[in-house]
Amino acid sequence: SIGSFNISLSGFTTAGANNTTLMASVNVTETITLSLSAATINFGALVQGTANNTTNDAPNPFVLVNGGNIGIDLTIKMNQSPFSGTGSGNNTNTFRFKAGNCSTIVCGTGNSTIFNWGTSQTSFQNFTTVNQNLIKNLSYSSGDDVAEAEILLSVPSDESTGSKSVAITFTASK
């Protein structure tokens with residue numbers, strides 16, 4: 001539990017008589033710590049009109065670890081669309097995200113649902129440039145504190161060739 005606690009300590013003599021009572025207190029503060037296993041996802045070479053996503057772990061998704069001592073909510077946003085072709089831009093189906101459990105391939109062992117599945121975004125949703133719900137109440141218990149942020153790219157059929165990049169921001173809160 002988080003908060004302040006008072007602890008009473010009693011001292012005894014060898015004869016068993018109560019000698020003195022001491023008061024000690026401790027304050028446990030809430031800590032929010034989020035880390036990523038990798039800061040980059042490289043989709044490699046994609047052709048116009050094709051799609052790829054991280055749900056098959058090729059490439060690996062973002063792996064999110066709650067290193068704090070409370071359950072956290074996570075939001076996600078992009079700084080801009082990675083594409084400039086038809087259908088690209090803010091809130092389009094060319095660039096999408098969803099939350100998922102950490103897979104055996106990525107984490108070594110699969111994990112059960114360690115966040116609130118019903119209120120988290122567990123089906124692909126279009127990215128926008130404003131914070132959107134990703135995960136609700138990601139556990140802080142060791143071993144059950146890891147989730148994935150899956151990414152889906154659909155390259156517009158008229159997209160120009162060349163390298164594409166986008167910044168994704170994750171925000172953790174209580």
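Values computed for the structure shown
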{"quantity": "Extension gain (nm, one decimal) between Ser157 and Ile105, 0.36 nm per residue minus Cα-Cα", "calculated": "15.6 nm"}
{"quantity": "Straight-distance crosslink candidates among aspartates and glutamates, where the alpha carbon sits under 15 Å from Lys98 and sequence neighbours closer than 8 are dropped", "calculated": "Asp57, Asp73, Glu148, Glu150"}
{"quantity": "Charge tally in the Cβ shell below 13 Å around Thr54, where Lys, Arg are +1 and Asp, Glu are -1, Thr54 excluded", "calculated": "-1"}
{"quantity": "Estimated distance in nm for a label pair at Met23 and Ala167, the labels positioned 7 Å out from Cα along Cα-to-Cβ", "calculated": "5.0"}
{"quantity": "Accessible area of segment 93-160 divided out per residue, in Å², using a probe of 1.4 angstrom", "calculated": "44"}
{"quantity": "Sequence-distant lysines (8 or more away, or on other chains) whose Cα lies within less than 19 Å of Lys174", "calculated": "Lys77, Lys136"}
{"quantity": "12 Å beta-carbon shell around Glu150, net charge (K/R +1, D/E -1)", "calculated": "0"}
{"quantity": "Of all accessible heavy-atom area on segment 19-174, the percent that carbon and sulfur account for (1.4 Å)", "calculated": "47"}
{"quantity": "HN-Hα J in Hz across segment 168-174 - Karplus 6.51, -1.76, 1.60, θ = phi - 60°, x for Gly and Pro", "calculated": "10, 10, 9, 10, 9, 8, 7"}
{"quantity": "Fully extended contour minus Cα-Cα distance, from Ser37 to Asn69, at 0.36 nm per residue", "calculated": "9.6 nm"}
{"quantity": "Total formal charge among the other residues, if their Cβ is under 11 angstrom from that of Thr86, Lys/Arg +1 and Asp/Glu -1", "calculated": "-2"}
{"quantity": "Percentage relative contact order, segment 51-174, counting C-alpha pairs under 8 Å, at least six apart", "calculated": "43"}
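The values are calculated or read from the model by the stated rules, or taken from the named source; none is laboratory data. Here the structure is a predicted model, which means the values were calculated and not measured. Using ideal geometry, Cβ is built from the backbone for each residue, glycine included, and neighbour counts are taken over all protein chains shown. The area values use the complete protein model at the heavy-atom level, side chains included, leaving out ligands, DNA and RNA. Shrake-Rupley method; radii C 1.70, N 1.55, O 1.52, S 1.80 Å.
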